[in-house]
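This report concerns only the one structure given below.
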Amino acid sequence: MTRRKFLGTTIAGGATVLAGPVFQKLALAVTSSATPTTFQMGGDLSVNRLGFGAMRLTGQGIWGWPPDRENAKKVLRRAVDLGVNLIDTADAYGPETDELLIAEALHPYPKGLVIATKGGLTRPGPGSWVPNCRPEYLSQCVDKSLKRLKLDRIDLYQLHTVDRKVPIEESVGALKAAQDAGKIRHVGLSNVTTQEIDRAKKILPIVSVQNRYNITDRESEGVLRYCEKEKMGFLPWAPVGGSGRSSLTKGGNPLEDEAKRHNVSAVQLALAWLLQKSPVMLPIPGTSSLQHLEENMAAAKLQLTPDDWKRIELTKS
């Protein structure tokens, strides 16, 4: 399926024809809009703004291989079929298995597919995440990710966190060396403050930031505004609240009533809100379910009116 076929065809009067039962449900809520569908990462990488986060394609606790490896590969391939050309992963997911799975499912990669990976977090065990952003360790991480992903160059390599034991200048210095060597195209940061971004930018250009952000958790609002000003991509992790109590996939969530009014799910409404919140927003919802993947991607066609926006904003608290 091509992206053109997925998005449907616009006909007179601005109505949009959507294929499949998931999309038909959304058709009632679709209106024409000038919301941009792509973003220029680093000025030279055009990505569709609704991407895919591959973290969930691992075992329980983000540890080991998924219970159904073939299904995980089907999800990755279907995401690409539906127009995803930005896939986010990390060496810590699995660890290592997520990157290996992506290569297993998609290599040789389709033209224009951007695989963004990360380094700087180690995994002593399931559910455990320990920073290690020492330059020598990060240099090894880049080389190993290249090998696992079967790439000559990583389009977007992100520092996964800030290691309080290592100045951020030293950490990104290692990434600059890898970039100078042709191993990395662009560098991004994750889990950072605006002050940390400023410090990193003195060492090398930063094209994106990945912080936790969703409709009910906007602690990184200031970082988002910074990214808008600097024309940097903002990849919100946990875009629908993650897997805990704050997840919008659970009943009784604050978006439930408004979602029913639109005849869509709370997850779809939350993703549509993110896409219309900012032109630099690049949501990367993850799932191991083909059905949920289809629903997530359909959210790109849901446009919110000013009145819709006001009602949704009331769910912030």
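The values are calculated or read from the model by the stated rules, or taken from the named source; none is laboratory data. Since this is a predicted model, take the numbers as computed values, not measurements. Every residue, glycine among them, receives a Cβ derived from its backbone with ideal geometry; neighbour counts consider all protein chains shown. Quick note on the areas: whole protein, heavy atoms, side chains included, nothing else; ligands and nucleic acids left out. Shrake-Rupley method; radii C 1.70, N 1.55, O 1.52, S 1.80 Å.
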Considering only the range 28-42, state which residues are open to solvent by 20 Å² or more (accessible area, probe 1.4 Å), of a type outside the set (S, T, N, Q) and modelled with pLDDT under 95.
-> 28, 30, 34, 36
Out of the residues in the range 152-181 that are aliphatic (A, V, I, L, M) and in contact with a Ser or Thr (Cβ under 8 Å, 6 or more places away or on another chain), which is nearest to residue 94 (Cα to Cα)?
-> 159
Restricted to the range 43-86, and to residues that are free of Cβ contacts under 8 Å to residues at least 40 places away in the same chain and of a type in the set (A, V, I, L, M), which residue is surrounded by the fewest Cβ atoms within 10 Å (Cβ to Cβ)?
-> 80
Unmet requirement for residue 150, which otherwise passes all of (1) without any contact (Cβ under 8 Å) to a residue 60 or more places away in the chain; (2) of a type outside the set (Phe, Trp, Tyr); (3) within 20 Å of residue 132 (Cα to Cα) = (3)
Residue 283: out of contact with any Leu (no Cβ under 6 Å at 6 or more places or on another chain), under 19 Å from residue 218 (Cβ atoms), at pLDDT 95 or above and not in a helix (DSSP H, G or I), yes or no?
-> no
Reported set for the range 206-252 where residues are among the hydroxyl-bearing types (Ser, Thr, Tyr) and either modelled with pLDDT of 95 or more or under 19 Å from residue 56 (Cβ atoms) (or both) is 208, 213, 220, 226, 243, 246, 247, 249
Among 156, 204, the single one that is over 29 Å from residue 259 (Cβ atoms) and assigned to a strand (DSSP E or B) is 156
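Yes or no, residue by residue, for (1) part of a helix (DSSP H, G or I); (2) within 22 Å of residue 235 (Cα to Cα):
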residue: 35; (1), (2): no, yes
residue: 55; (1), (2): no, yes
residue: 58; (1), (2): no, yes
residue: 66; (1), (2): no, no
residue: 70; (1), (2): yes, no
residue: 75; (1), (2): yes, yes
residue: 90; (1), (2): no, yes
residue: 101; (1), (2): yes, yes
residue: 118; (1), (2): no, yes
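Looking at the range 274-302, which of its residues are in contact with a helix residue (DSSP H, G or I) (Cβ under 7 Å, 6 or more places away or on another chain) and farther than 30 Å from residue 59 by Cα?
Within the range 274-302, 278, 280, 301, 302 qualify.
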All positions within the range 162-201 that are small (Gly, Ala, Ser), in a loop (DSSP other than H, G, I, E, B) and either open to solvent by 60 Å² or more (accessible area, probe 1.4 Å) or in contact (Cβ under 8 Å) with a residue 40 or more places away in the chain (or both) | 181
